[in-house]
Amino acid sequence: MVIERILIFLLALIGFTAIVGAKNIIKKVFGLNILNAAVVLLYILEGSRIGDQAPILGKGVTNMVDPVPQALMLTAIVIGVCVTALALALAVRLYKATGSLEIDTINERLRSEH
Amino acid sequence: MKRTLFIIKITFTLLVLALAIFPVILSSHPWPEASRDYLYEHALTDTGAVNTVSSIYLGYRAMDTLGETLVLLVSITGTMGILINLGRESEEEEAVSFSLAPEKRPTNAQRTHLLEVVSSKLGPVVLLFGFYVMLYGHISPGGGFQGGVIVASAIVFLALGTETQTKLTNTNVLGRIEALSFLVLIVAATSGVFFESGFFGNPIKSGSSLSANFIILLNIIIGLKVGTSIAVMCIAMMGGRRGH
């Protein structure tokens, strides 16, 4: 049980490193996605602590997991897709305006224009 | 020097973040069982869906789903608004794209035989599977959102293929399907008002064998909405606005 949590923790740190440290905008968007995946996995893991069967009622289902985190994470995944799409569209726009995806180069070129 | 400073900054930030989220992730606080037990007892009779995840997001928390589709709608609007005027002045940059329509594509350099042969034939199969996941969302793993994403990937397959004679990859058609499904969603949500069950309430009396039909209807509508909107975004990002 602890090893999954440590892996999720590392996943969150990887995503955060990409958001803060990467110079490329596309890599930053990937980092957002990885952080989102870490949060989703954490919720699913927490919800699955009190059971071991899929939350689909039927014969033999007596000890199902908590379906509430799963339903919440459905929302989180869709919002993650929306955020990714919008961020990528903005990245395309920045690339067309400045010809680069590196934030330092973009900063330089935008500053030299004004 | 600058590089070292950067690495030190990143490490410090990560350490602070690790201290903040480590207790959250490693907490061994017992998970409450009340909601699970309540849903185990009542979900089937309240909403008619065997899949309790479906019964939450289309029954108990259907309002949340409406907000979610609104977020999706706003995101699509923003993305299309940003993307729609791009690429007009720099057509030569897109010449290397392998995803354009055949008549706009000057070279087939990046299109492998795999892409040529497989994608347009795989499209209909994936589309069928997407509708299966959508229609059986109330009794098996799946549902509107999952099926919708599979439908979107099927439409992307169709758009990548060469010899597809389908209107499904036309962004105008997809946009109309999306708008229509959102309208039907609002109408279906309001229909509960006239049957004394409230906004987003199930108009069919709970407990009857037909009450799952409302969940199926909402699953189909949401699947169509999600599928078409994500497909529109993907096709716009591929530069293949074939409707124009």
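The values are calculated or read from the model by the stated rules, or taken from the named source; none is laboratory data. Everything quoted here is computed from the prediction, not taken from an experiment. Backbone-built Cβ (ideal geometry, glycine too); neighbour counts: all protein chains shown. Protein only, heavy atoms only, side chains kept; ligands, DNA and RNA dropped before computing areas. Shrake-Rupley method; radii C 1.70, N 1.55, O 1.52, S 1.80 Å.
Quick one: how many residues across the stretch B:45-56 are assigned to a helix (DSSP H, G or I), buried (at least 20 other Cβ atoms within 10 Å of the Cβ) and modelled with pLDDT under 85? Counting residues in the stretch B:45-56 that are assigned to a helix (DSSP H, G or I), buried (at least 20 other Cβ atoms within 10 Å of the Cβ) and modelled with pLDDT under 85 gives 1.
Against the criterion of being touching a residue at least 24 places away in the same chain (Cβ under 8 Å) and assigned to a helix (DSSP H, G or I), A:THR84 qualifies. Close Cβ contacts (under 7 Å, 6 or more residues apart or on different chains) running from residues in the stretch A:49-76 that are on the phi < 0 side of the Ramachandran plot and modelled with pLDDT under 85 to residues that are open to solvent by 30 Å² or more (accessible area, probe 1.4 Å) and outside any loop (DSSP other than H, G, I, E, B) comprise A:VAL61/A:GLN53.
Of all residues in the stretch B:24-41, those being open to solvent by less than 90 Å² (accessible area, probe 1.4 Å), at pLDDT 85 or above and part of a helix (DSSP H, G or I) number 6.
Facing chain B (nearest Cβ under 7 Å), touching a residue at least 40 places away in the same chain (Cβ under 8 Å) and at negative phi, is that true of A:ARG5? Answer is yes for this residue. The residue that is surrounded by the most Cβ atoms within 10 Å (Cβ to Cβ), counting only those in the stretch A:47-75 that are in contact with a Phe, Trp or Tyr (Cβ under 7 Å, 6 or more places away or on another chain), hydrophobic (A, V, I, L, M, F, W, C) and more than 7 Å from chain B (Cβ to nearest Cβ), is A:MET73. From the list A:ALA38, A:ALA12, the lone residue that is facing another protein chain (nearest Cβ under 7 Å) and either closer than 19 Å to B:LEU44 by Cα or open to solvent by less than 20 Å² (accessible area, probe 1.4 Å) (or both) is A:ALA12.
Which residues, taken from the stretch B:176-204, are loosely packed, with under 12 Cβ neighbours inside 10 Å and assigned to a loop (DSSP other than H, G, I, E, B)? B:GLU196, B:GLY198, listed by residue number. For the stretch B:205-230, how many residues meet the condition of being part of a loop (DSSP other than H, G, I, E, B) and surrounded by fewer than 18 Cβ atoms within 10 Å (Cβ to Cβ)? The number of residues fulfilling the criteria is 6.
Within the stretch B:120-175, being aliphatic (A, V, I, L, M), in a helix (DSSP H, G or I) and open to solvent by 20 Å² or more (accessible area, probe 1.4 Å) holds for B:LEU122, B:VAL125, B:VAL126, B:LEU127, B:LEU128, B:LEU135, B:VAL149, B:ILE150, B:VAL156, B:LEU160, B:LEU168, B:VAL173.
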